[in-house]
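A.B. asks: Let me begin by handing over the structure; questions about it come next.
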DNA sequence: CGGCCGCATGCAATCGATTACATTGCTCCC
DNA sequence: GGGAGCAATGTAATCGATTGCATGCGGCCG
């Protein structure tokens, strides 16, 4: 009977309510511009027909898609998926859809992102990937279509982009100082990926703390790692090859810290008995790991929330570009059992 | 100069190539229907103008969005985010965008999903959530618009839906049997959420194994849990209140197993010394946890890949609904240190 | 009383593609 | 030689909403 009947359009509603489609459209988007009486008739007609807006048609006419694109370096990393979660929440509340683009794949991430905007699939972009550099960003923006953009991974100094960040550098300094305060003097760092802004800033924070405590800087105590557990494992193997080892490590994040600790344990080196390790992020696993991991807690949820809100505000506001806003969030030291006072 | 210039349309290309828009459209989508010469002129014009398709306009006309929707119970769970990753990969290759809907939030998840289709934002749905029941699913489909759907969490018996599943029941039986083979006779189960198909099937598998080994079934050894670590912690507290405790646990998944083990450790009960625990999923963390977790490995990547492929095949094929296809994938027992032979 | 204003509404163009149908010109075959 | 058949292309309708520009009408003011 009613199967495959085409979904009702604004035309149907107009017919039922005995008004023009223009009036229906107005009644739905700016009710105050329509008399109370017809408004009532129209909403009755909407009920009756079961009308819902065809978003595609609106997009075509208004040149907006009510969709934002989130570019993520690696969805599988819980850190990002939690931010993504917060972004989706906020977007849903405000009537936006969320498209995802996982950048690990494909050549030319920039091309892929541009494509979304050139084809009018998304109105704006939340960028979580610290590996894209400014020049590439400008390229995205440079295409005929300017791309409303919020960077939500790391501040890019003096940039013209809106930004939501945590205090990576200061927080890294704080984490390292925590190790120093526990009496450690031989401190290493498990580095993040190359050419990644976040990694760069965390390294700076680490170095700053070492310097200001007048500790000697050992380049061989900088371990090549990354944000993933297996990269933490790799760093551990590099560590094991050393003769002269540090007694404490500041790891780029919790995942790599976990990989690191677990690999060392397999080699008979126990954390925190033989080595103290502090991570970054405070993933849920951090508190359940053995040993529970000291770490810098990032306000992930807030980060995602603010990023989405900032982008949508901008999209719906007057797009005053004059000032790029920067919202900075603070991380917090969480002390757990993985860092131990030197005897 | 060239700023804010409107992006080129198919009209512009047509003008440059001195043909009609119809010809341009044909040249781009079905090149063989256009003479070689004009095809060349057109592709030159495309280059010149920098034309890219306006996906919105196409969507409106063709009534397809080239977008799929992925409904996820909890993005933050690595298990799902890994599947999502695989879905996105496959979709990107085939030219589809991926919208996400995190179902934890909001009233009436079904309403939310319907909304996406009623508004023509997505062409099809991959459902990862085992908590929606069939009646609700039918509701999604029952709206005027039929919703192409692939269920990728659990088979729904005799259902009319396309499905990609792992063998939850058999695998759970296998996991439990693993504990039995190690000599355990006092075995409990850390349950999943109520009204969740996956959880139901894993429980059945567990019970089946217990029965077929002629072990006594202890209802008080079924612990209320869920898929999250904190729910594993809750289950551990329930465990601690028992006088008469099991010596082995089959947990609904790795995350809850981790929460469980970590809470017990805090109470002085060590895994595997005092209790053996096996999980499900083989998350990356499972192998790095202390102790490394025995578990049933699910082919997550394949699962996501197959689900996306099946959906897109269906969308692009002749939509032969006559037979709902079911693709079943096998899980694999991974033995690690968290399960120990009874002395 | 006449003109102006503003409210509520309608008419029709518009967004940018796709596609049914029409047209043209050519080949081929009886 | 005439018509069928086909390939290449054009014309214009169409998808479903939004919105600039009328239009009609009533009220208010000088």
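A.B. asks: Apply 1/(1 + (r/R0)^6) to the Cβ-Cβ distance of residue A:62 and residue B:136, taking R0 = 35 Å, and write down the FRET efficiency to the nearest 0.05. Please list the in-between numbers first.
C.D. replies: Values: r = 33 Å, r/R0 = 0.93.
Efficiency at R0 = 35 Å is approximately 0.60.
A.B. asks: Can I ask one more? Once you order the gyration tensor axes a ≥ b ≥ c over the Cα atoms, which shape class does region A:1-98 get: rounded for a/c under 1.5, otherwise prolate or oblate by comparing a/b with b/c? Walk me through the numbers on the way to the answer.
C.D. replies: Numbers: a/c = 2.94, a/b = 2.21, b/c = 1.33.
It comes out prolate by the Cα gyration axes.
A.B. asks: If Rh is defined by the Kirkwood formula over all Cα pairs and Rg also comes from Cα, what ratio Rg/Rh do you get for region B:223-343? Write out the running numbers ahead of the final one.
C.D. replies: Working: Rg = 18.5 Å, Rh = 16.0 Å.
Result: Rg/Rh = 1.15.
A.B. asks: Hey, rough spin-label estimate for residue A:18 and residue B:215, points 7 angstrom out along Cα→Cβ, what's it come to in nanometres?
C.D. replies: 7.4 nm
A.B. asks: According to the square roots a ≥ b ≥ c of the eigenvalues of the Cα gyration tensor, what is the shape class of region B:292-343, taking rounded for a/c under 1.5, prolate for a/b larger than b/c otherwise, and oblate for the remainder? Write down the numbers at each step before the final one.
C.D. replies: Working: a/c = 8.53, a/b = 3.44, b/c = 2.48.
Since a/c reaches 1.5 and a/b is larger than b/c, the shape of region B:292-343 is classed as prolate.
A.B. asks: Let me ask another. Let me understand region B:1-52 better: what is its radius of gyration from the alpha carbons, and its Dmax, in angstrom?
C.D. replies: Here Rg and the maximum Cα pair distance are 11.1, 38 Å.
A.B. asks: Please arrange B:79, A:80 by how many other C-beta atoms lie within 10 Å of their C-beta, fewest to most.
C.D. replies: Numbers: B:79 21, A:80 24.
Starting with the residue having the fewest Cβ neighbours, the order is B:79, A:80.
A.B. asks: With no solvent and one equal point scatterer per Cα, compute the Debye intensity ratio I(q)/I(0) for region B:144-200 at 0.31 Å⁻¹ and report its log10, rounded to two decimals.
C.D. replies: Debye intensities relative to I(0), on a log10 scale: -1.26.
A.B. asks: What average count of beta carbons from other chains do you get within 10 Å of the Cβ of residues in A:63-69?
C.D. replies: On the way: counts 4, 1, 4, 2, 4, 0, 1.
Shielding by partners across A:63-69 averages 2.
A.B. asks: Ok, one more. Hull surface divided by four, with the convex hull built on the Cα atoms of region B:168-298: how many nm²? Each step should come with its number before you reach the end.
C.D. replies: Details: hull surface 27.6 nm².
One quarter of the hull surface, i.e. the mean projection, equals 6.9 nm².
A.B. asks: Further question on the same structure: Just grab the label-to-label distance for residue A:29 and residue B:274, each label 7 Å out from Cα along the Cβ direction, in nm (one decimal).
C.D. replies: 6.5 nm
A.B. asks: What relative contact order, as a whole-number percentage, does region A:168-298 give when Cα pairs under 8 Å and 6 or more residues apart are counted? Walk me through the numbers on the way to the answer.
C.D. replies: Working: 247 pairs, mean separation 31.4, N = 131.
Answer for region A:168-298 is 24 percent.
A.B. asks: List, shortest first and in nm to one decimal, how far the label point of residue B:30 (7 Å from Cα along Cα→Cβ) is from its counterparts in the other copies.
C.D. replies: Going from nearest to farthest copy, the values are 4.3 nm.
A.B. asks: Quick one: check the C-alpha center-to-center distance for region B:4-54 versus region A:183-211, whole angstrom.
C.D. replies: 52 Å
A.B. asks: Within 10 Å, count the other beta carbons around each residue, average over each peptide in B:284-293, A:25-34, and list them highest first.
C.D. replies: Numbers: B:284-293: 22.0, A:25-34: 14.5.
Output ranking for B:284-293, A:25-34: B:284-293, A:25-34.
A.B. asks: How would B:229, A:306 line up from fewest to most surrounding beta-carbon atoms within 10 angstrom?
C.D. replies: Numbers: B:229 23, A:306 20.
Ascending Cβ contact count within 10 Å gives the list A:306, B:229.
A.B. asks: Can you list, shortest first and in nm, the gaps between the label point of residue A:317 and those of its counterparts in the other copies, using a point 7 Å from Cα in the C-beta direction?
C.D. replies: Between copies, matching label points for residue A:317 lie 5.0 nm apart.
A.B. asks: Quick one: Cα centre-to-centre distance for region B:253-329 and region B:229-243, in angstrom?
C.D. replies: So the two Cα centres are separated by 21 Å.
A.B. asks: What average count of beta carbons from other chains do you get within 10 Å of the Cβ of residues in A:94-103? List each step's numbers first, then the result.
C.D. replies: Working: counts 0, 1, 0, 11, 5, 6, 12, 4, 9, 0.
Across the residues of A:94-103, the mean count of other-chain Cβ atoms within 10 Å is 5.
A.B. asks: So, one more: Can you give the three extents of the C-alpha atoms in the protein assembly as shown along their principal axes, from longest to shortest, in whole Å?
C.D. replies: Ordered largest first, the protein assembly as shown gives principal extents of 80, 67, 59 Å.
A.B. asks: When you look at the Cβ of every residue in B:77-90, what mean number of other chain Cβ atoms sits within 10 Å?
C.D. replies: Numbers: counts 4, 7, 1, 3, 12, 3, 2, 6, 10, 3, 3, 8, 4, 0.
Whole-number average of other-chain Cβ neighbours for B:77-90 is 5.
A.B. asks: Which values, in whole Å and largest first, are the semi-axes of the equivalent ellipsoid of chain A obtained as the square root of 5 times each eigenvalue of the Cα gyration tensor? Before the final figure, lay out each step's value.
C.D. replies: On the way: eigenvalues 520, 78, 60 Å².
Each semi-axis is √(5λ); the values are 51, 20, 17 Å.
A.B. asks: Take each of the peptides A:204-211, A:57-64, average the number of other beta-carbon atoms within 10 Å over its residues, and list them starting from the highest. The partial results should precede the final answer.
C.D. replies: Working: A:204-211: 19.4, A:57-64: 16.5.
Ranking, from highest mean packing down: A:204-211, A:57-64.
A.B. asks: Moving on to the next point. Okay, helix-only estimate at 222 nm for the protein assembly as shown: each DSSP H run of n ≥ 4 adds -39500 (n - 2.57), divide by all residues, round to 500 deg cm²/dmol; what do you get?
C.D. replies: Numbers: 26 runs with 302 residues, N = 686.
It comes out at -13500 deg cm²/dmol, rounded to the nearest 500.
A.B. asks: How high is the relative contact order of chain A, in percent, with contacts defined as C-alpha pairs under 8 Å that are six or more residues apart?
C.D. replies: 16 percent
A.B. asks: Also, I was wondering about something else. Compute the long axis of helix B:109-118 from its Cα atoms, compare it with the longest principal axis of the Cα atoms of chain B, and write down the angle in degrees, 0 to 90, nearest 10.
C.D. replies: 20 degrees
A.B. asks: Against the 2.2 N^0.38 Å scaling, with N counting residues, where does region B:240-311 land? I'd like the Cα-based Rg ratio to two decimal places. Provide the component values of the computation, followed by the final result.
C.D. replies: Values: Rg = 15.0 Å, N = 72, 2.2 N^0.38 = 11.2 Å.
Relative to the 2.2 N^0.38 Å estimate, region B:240-311 comes out at 1.34.
A.B. asks: When only C-alpha pairs under 8 Å and at least 6 residues apart count, what is the relative contact order of region A:1-52, in percent? Intermediate results must be reported in sequence, preceding the final value.
C.D. replies: Numbers: 43 pairs, mean separation 22.9, N = 52.
Worked out over region A:1-52, it gives 44 percent.
A.B. asks: For label points placed 7 Å from Cα toward Cβ, what is the shortest-first list of nm distances from residue B:15 to its copies?
C.D. replies: Taking the point 7 Å beyond Cα along Cα→Cβ, the inter-copy spacings are 3.8 nm.
A.B. asks: How do B:260, A:227 line up, fewest other C-beta atoms within 10 Å first? Working shown, then result.
C.D. replies: Working: B:260 30, A:227 25.
By the 10 Å Cβ count, ascending, the order reads A:227, B:260.
A.B. asks: I'd like to compare A:83-94, B:7-18: which one has the highest average count of other Cβ atoms within 10 Å, and what's the full order after that?
C.D. replies: A:83-94, B:7-18
FYI, it's all coordinate maths here, none of it is from the lab. Here the structure is a predicted model, which means the values were calculated and not measured. Note that we place each Cβ from the backbone using ideal geometry, even for glycine, and neighbour counts take in every protein chain shown.
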